[in-house]
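The values are calculated or read from the model by the stated rules, or taken from the named source; none is laboratory data. Computed from a predicted structure; not experimentally measured. Every residue, glycine as well, gets a Cβ built from its backbone with ideal geometry; the counts of neighbours run over all protein chains shown. For the accessible areas, the whole protein counts, side chains as well, though only heavy atoms, and no ligand, DNA or RNA atoms are used. Shrake-Rupley method; radii C 1.70, N 1.55, O 1.52, S 1.80 Å.
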Amino acid sequence: MPPPRPMPGVPDEPDGGPCLVISAPSRISTPSRISAAERITAAERIAAAERITAAKPVHAAEPVSAPQLISAPRVVPASPGSGVLAPGWVAIAGGLVTEVGQGPPPRPPDLELDSGVLVPGFVDLQVNGYFGVELMTAGAAGWALVARRLPETGTTAFLPTFVTAPLAELTASLRAAAAITAALPPAAARVLGVHLEGPFISPVRRGAHNQSWIISPSPAAVQELLAAGSGLVALVTLAPERDGGMAAVERLTAAGVLVSVGHSDATARQVAAAASAGARMVTHLYNAQRPLHHREPGVVGQALADPRLTSGLIADLRHVAAQACAIAFAAAPGRICIVTDAAPCAGMPAGSYLLGGEPIELPGSPALPGSPALPGSPALPGSAALPGSAALPGSAALPGTPALPGGAALPGGAALPGGTEPPVRADGTLAGSALRMDAGVANMVAAGVGLEAAVAAASRVPADLIGRPDLGRIAPAAAADLVWLSDDLRAMATWVRGERVYPAG
């Protein structure tokens, strides 16, 4: 894995001082425990700290979070082998996690969560847009809107994703993005770079991409995009079987870019060759790629069998059936990361929108709630009320045993949360999704994936893949990007750099 590359506009903070207790609110209730796990040892703390990249000075505009101690009925650190701490606690200072442990906190907490689970902030490697904004064509105001509101869904870091477009438009968008990211507000989700999903893809597996703008990855085209991005290009999805594909994998990898096989008709042998050349990811497993066949495993088969490859998975239960999601997690443990592939219509009412300059239609779906407070919700000390009882749009509670459509029972007997219907092109082709990351985690748990694995797939796995081991986990020296999920795994509060950004204070 290449070393982490600093991105413009997202500096990390240095360690803070010792944690101090400010207040000790009374406990509201005593939730039941779902599992037992040992307190994280001192050796594990040291090992975690050694994995973290050197911190940079705090930008003058960035707040430094006050020390605080948070306790919760359940904490999922998402570090390998850490399990579920029930109950657990987390100490933070200076924007970083300083301690994490199981059992009663070592001193009265500043914030005592009475229900749900505390998890690392989610890292989404594929966000075309959200809240009516297409990031490839938006200006600074649009990017700021998306970055400020994504924490509503539990996402604290993401890759704005540009779909296939004429090369000149992509280079212009990359140049604009380099300036935009440097001025994004700190109280928002971090931008980790840009994901180029095209234009070096296969016309045979183009999905919703415009065929007329697809090109081969010539050395000149690859270099033009890298130069325009000025170090901002973090991930490129391409079809390695195209002329010049393997050379492009090597060139991009040498430049520190994560290469993902996607929108590809490659054979298993060609995917393996791409992995040997440096590719480490597969874009939206099962979708827009050569499928699994017992004599030609294709992209899907090689992705699941090859330990060098980690696969993104659109976990809305519409792009991929629950059973196929469960198969992926079982076949490639620790190598599946949840992505939304969110289109600009995500979080918006049903209607017509644009993606890649072409129209898409979002079927009848309720808009993402825009208000941080809902009636009947518990309050954080000194803050507005937090959502506590309303369900995710189209979602069902986890307990229960309904059958999957067609009569197949869900593994583990959990209820199947209703996914939001994805947007489509005029010909019915799926065009991204309207998924929330917290809903993606809930969907995977309902499909039979364990809570720890589902959370890691939305946090640590993508963070490690993109070369950011300071994100996606609750561990000493990691960034204090946290999400409080309700018992049915809805985002109730989100912290970035130790500051609560959702709901706004």
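A few points about this structure:
- Every pair of residues 6+ apart whose Cβ atoms lie under 9 Å, when the first sits in the range 350-364 and is in contact (Cβ under 8 Å) with a residue 12 or more places away in the chain while the second is surrounded by 13 or more Cβ atoms within 10 Å (Cβ to Cβ) and of a type in the set (K, R): L355/R425; E358/R425; P359/R425; I360/R425; E361/R425
- Taking the range 278-359 as the region of interest, the strands (runs of 3 or more DSSP E) fully inside it that hold 2 or more residues being open to solvent by 10 Å² or more (accessible area, probe 1.4 Å) are 351-355.
- Residues in the range 163-218 that are among the polar types (S, T, N, Q) and open to solvent by 40 Å² or more (accessible area, probe 1.4 Å) were compared, and the one that is farthest from L238 (Cα to Cα) is S212.
- When the residues of the range 222-263 are filtered to those that are on the phi > 0 side of the Ramachandran plot, out of contact with any strand residue (DSSP E or B) (no Cβ under 7 Å at 6 or more places or on another chain) and at pLDDT 95 or above, the one that is surrounded by the most Cβ atoms within 10 Å (Cβ to Cβ) is G244.
- Pairing residues of the range 318-332 that are without any contact (Cβ under 8 Å) to a residue 60 or more places away in the chain with residues that are part of a helix (DSSP H, G or I) and open to solvent by 20 Å² or more (accessible area, probe 1.4 Å), at Cβ distances under 9 Å and at least 6 apart in sequence or on separate chains, gives I327/L304; A328/L304; A331/L304; A331/A305; A332/L304; A332/A305.
- Filter result (open to solvent by less than 10 Å² (accessible area, probe 1.4 Å) and part of a helix (DSSP H, G or I)) within the range 138-154: W143, V146, A147, L150, P151, T153
- Subset of the range 264-277 (residues that are touching a residue at least 60 places away in the same chain (Cβ under 8 Å) and open to solvent by 10 Å² or more (accessible area, probe 1.4 Å)): D265
- Residue in the range 434-453 that is touching a Cys at 6+ places or on another chain (Cβ under 9 Å), buried (at least 24 other Cβ atoms within 10 Å of the Cβ) and not in a loop (DSSP other than H, G, I, E, B) present: yes
- Of residues in the range 421-433 being out of contact with any Asp or Glu (no Cβ under 8 Å at 6 or more places or on another chain) and open to solvent by 30 Å² or more (accessible area, probe 1.4 Å), the one nearest to T283 (Cα to Cα): L430
- Of the numbered criteria (1) touching a Pro at 6+ places or on another chain (Cβ under 7 Å); (2) buried (at least 20 other Cβ atoms within 10 Å of the Cβ); (3) of a type outside the set (K, R), the one A157 fails is (1).
- Residues of the range 286-311 that turn out to be of a type outside the set (A, V, I, L, M, F, W, C) and within 15 Å of P422 (Cβ to Cβ), as a count: 2
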